[in-house]
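Throughout, read-outs are computed from the coordinates displayed, never taken from laboratory work. What you see is a predicted model; the values in this text were computed from it and never measured. Every residue, glycine as well, gets a Cβ built from its backbone with ideal geometry; the counts of neighbours run over all protein chains shown.
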Amino acid sequence: MVDPPGRRPEPETWRRVTSAVAELLCRHGPREAKLGAVAATAGVDECWLRESFADVGGLVAEVVRGQIHEVFAVPGHRLTTAAGLDDLCRWRDDVVAAYRATRVPAGYPLGIIAHEATGLDDRVGRALAAHLAPWQSALGDAFSRLRDRGALAPCVPPAELATAVMGALVGAMARSRDAGPPDEVLAPFAMMLRHVMSVFAGPVG
């Protein structure tokens, strides 16, 4: 998806904005996440922020969209061309590495904001679901290809496996409030993928 014209400033300014959103949501809750407070915390012009976003819900939805793109875009090629177990293991590792990079100066990975903003605005949940959907579908397609090649049991439902794996990833993101070791933070995601792929022949990476 192309970024909406005129919304994003230079990368450093946008990093300050996303950091401010994460800090306000995680430290003070959704009630404190107002556009004026975001502008003040980020040190950006409030008029620009209000011209770009009607309210904080729209801003949070855009941050969620951007974070999902950052996490999945580069590993996406490996997923869409996955031909075997090793490819899925490498995709998993690439996703974890990309997610580590979304940790902002406030000390939180951006995945937490969708969890903290639940109930703030339906657009946040819709943005999370809409922008994860293509990657979940691509994962289901990868499982289908492997099943067709005999690497996965014929009775295994690819779409359900993809839902389980993506659900574990989103759950891991929602629980990653503390700035702990990323391998521990995302362990449920890696464990679910290992469990799902245990139906393959051979060791799981």
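Each residue of region 90-97 in turn: what ³J(HN,Hα) in whole Hz from Karplus with 6.51, -1.76, 1.60 and θ = phi - 60°, glycine and Pro shown as x?
Calculated HN-Hα couplings, in order: 5, 4, 4, 5, 5, 5, 4, 4 Hz.
How much FRET efficiency would the formula 1/(1 + (r/R0)^6) give for Arg31 and Glu10, where r is the Cβ-Cβ distance and R0 is 41 Å, rounded to 0.05?
0.85
Starting at the first residue of region 187-194, write each ³J(HN,Hα) from the Karplus equation 6.51 cos²θ - 1.76 cosθ + 1.60 with θ = phi - 60°, in whole Hz, x for Gly and Pro.
Values per residue, Gly and Pro as x: 4, x, 5, 5, 5, 5, 5, 4 Hz.
Once the piece of chain linking Ala83 and Ala153 is laid out straight, how much longer is it, given 0.36 nm per residue of separation minus the C-alpha distance between them?
Stretched out fully, the Ala83 to Ala153 stretch lengthens by 23.7 nm.
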